[in-house]
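The values are calculated or read from the model by the stated rules, or taken from the named source; none is laboratory data. Computed from a prediction, not measured in an experiment: that's the story for all the values here. Here the Cβ positions follow ideal geometry from the backbone for every residue, glycine too, while neighbour counts run over all protein chains shown. Each accessible area value is taken on the protein alone, full model and side chains, heavy atoms only, with ligands, DNA and RNA left out. Shrake-Rupley method; radii C 1.70, N 1.55, O 1.52, S 1.80 Å.
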Amino acid sequence: MESISTKNAVVHFNSEVYTNLNNYIKTVNPSKIFILVDTNTHDYCLPKFLERIESGEITVEVMEMPNGEEHKSIDICTSVWEALSEYNADRKSLLINLGGGVVTDLGGFVASTYMRGITYINIPTSLLAMVDASVGGKTGVDLGSLKNQVGVINEGEMVGVDTSFLDTLPQNEMVSGFAEMLKHGLIFDETYWNTLTHLENLDLSDLDRLIYDSIVIKNTVVTSDPTEQGLRKILNFGHTLGHAIESYFMENADKTPLLHGEAIAIGMILETYLSTKVCALSNEDLEIITNGILKTFSKVEITKADQQHIIELLKYDKKNSHGVVKFVLLEAIGKPKLDCVISNDLILEAFNYYAS
């Protein structure tokens, strides 16, 4: 598969990852190479990665953080900044983020702020990171349970997508990443959506192409609007309610935390229902989308009390302005609409629809 050029970087695939990464290291000759991993990628991905990179005489240091969304925090950033300083990282150092979305988001933020910015490269190892988190330059961390409240938009030097890392990924993490692929179809390409919802017609050999197509869709959007002034907002479909649900289930001790994609799947169904009320999305499309998502994602119980708390969390959504919550909804599959304002009563209706 051909490399994809982003605004300031390039996405390379499979064997081309290591050819281009090693050429970059040889040409730029960084003062030191730091590799950020989590406890999972340290064990399952790092040995294979170290076998493939050619660092020559350059010192390579590995930094390990705990795995999990709850560790995507300023406290962990501080630990990584301190480790970089302790190991004498300078402005010519290179940080390679080897992991899922937590590692690439946090690592990109650390690199963007250490000494006012050092070069970083993302090597995503989860499906979610491959098709979403590692592409587009959004970096950052959560503020308590509030998603991605602190960060910057700053692209790394390159992204290396080696799909063989998916062999180490638990099934639930694969499913979580699939939600973002479904979203790309819903906001951009009905044909792609139809392909994803009829996987029985495909086999494993088609997965690389589907991942590639998903990255092409995301890159097309972010390249045209890098700082999210307009079109890039469409990538937030399902995320306004989805992020609030994810935050609520993370902070509530009585709930089992949801993976990002599990929460976004719920958000997409809810926001599809809202689309029928304010964007004239057809009931036929509502049924198609709901059934398509529920082919992969199990329903989650959300009580009436839960719903009120989730609605309260909407005020922290980053798309809001002047105290107004702004939704991305659908006029049709592949045709999103920005900046939709929704009443709380309609949101409660959407939860009733989801429950039914």
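When segment 40-79 is filtered for residues that are among the β-branched types (Val, Ile, Thr) and in contact with a helix residue (DSSP H, G or I) (Cβ under 9 Å, 6 or more places away or on another chain), the ones remaining, listed by number, are Thr41, Ile53, Ile58, Val60, Val62, Ile76.
Table: residues versus (1) of a type outside the set (Gly, Ala, Ser); (2) modelled with pLDDT under 95; (3) surrounded by 15 or more Cβ atoms within 10 Å (Cβ to Cβ); (4) assigned to a helix (DSSP H, G or I).
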{"residue": "Ile33", "(1), (2), (3), (4)": "yes, no, yes, no"}
{"residue": "Thr41", "(1), (2), (3), (4)": "yes, no, yes, yes"}
{"residue": "Ser55", "(1), (2), (3), (4)": "no, no, yes, no"}
{"residue": "Met63", "(1), (2), (3), (4)": "yes, no, yes, no"}
{"residue": "Val80", "(1), (2), (3), (4)": "yes, no, yes, yes"}
{"residue": "Ala83", "(1), (2), (3), (4)": "no, no, yes, yes"}
{"residue": "Asp90", "(1), (2), (3), (4)": "yes, no, no, no"}
{"residue": "Leu95", "(1), (2), (3), (4)": "yes, no, yes, no"}
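For segment 297-356, a residue qualifies if it is acidic (Asp, Glu), on the phi < 0 side of the Ramachandran plot and exposed (fewer than 14 other Cβ atoms within 10 Å of the Cβ), and the qualifying residues are Glu301, Glu312, Asp345. For Leu231, indicate whether it is farther than 20 Å from Val141 by Cβ and among the hydrophobic types (A, V, I, L, M, F, W, C). Criteria met by Leu231. I need the full set of residues from segment 20-31 which are open to solvent by less than 70 Å² (accessible area, probe 1.4 Å) and either among the polar types (S, T, N, Q) or closer than 20 Å to Ser79 by Cα (or both), in order please. Within segment 20-31, Asn20, Asn22, Ser31 qualify. Of all residues in segment 70-86, those that are acidic (Asp, Glu) have Cβ atoms under 8 Å from Cβ atoms of residues that are part of a helix (DSSP H, G or I), 6 or more apart or on another chain, in Glu70/Met250. Just one residue in the set Lys255, Lys218 is under 30 Å from Asp306 (Cβ atoms), basic (Lys, Arg) and open to solvent by 10 Å² or more (accessible area, probe 1.4 Å); that residue is Lys255. Any idea which of Val17, Val37, Val28 is at pLDDT 95 or above, aliphatic (A, V, I, L, M) and in contact with a helix residue (DSSP H, G or I) (Cβ under 6 Å, 6 or more places away or on another chain)? Of the residues listed, the single one that is at pLDDT 95 or above, aliphatic (A, V, I, L, M) and in contact with a helix residue (DSSP H, G or I) (Cβ under 6 Å, 6 or more places away or on another chain) is Val37.
Check whether at least one residue in segment 106-125 is farther than 22 Å from His239 by Cα, free of Cβ contacts under 8 Å to residues at least 40 places away in the same chain, hydroxyl-bearing (Ser, Thr, Tyr) and not in a helix (DSSP H, G or I), and report yes or no. Yes, segment 106-125 contains a residue that is farther than 22 Å from His239 by Cα, free of Cβ contacts under 8 Å to residues at least 40 places away in the same chain, hydroxyl-bearing (Ser, Thr, Tyr) and not in a helix (DSSP H, G or I). Checking each residue in segment 234-288 for being more than 23 Å from Gly136 (Cβ to Cβ) and among the polar types (S, T, N, Q) picks out Asn252, Thr256, Thr272, Ser275, Thr276, Ser282, Asn283. None of Ile245, Ile310 is within 19 Å of Ala133 (Cβ to Cβ) and β-branched (Val, Ile, Thr) except Ile245.
Of the strands (runs of 3 or more DSSP E) lying entirely inside segment 127-196, the ones with 3 or more residues being open to solvent by 10 Å² or more (accessible area, probe 1.4 Å) are found at 138-143, 146-153.
Would you pick out the residues in segment 19-47 that are charged (D, E, K, R) and free of Cβ contacts under 8 Å to residues at least 24 places away in the same chain? Explain how you work it out, then say what you get.
The initial filter retains those residues of segment 19-47 that are charged (D, E, K, R), namely 26, 32, 38, 43.
Across segment 19-47, the qualifying residue is only Asp43.
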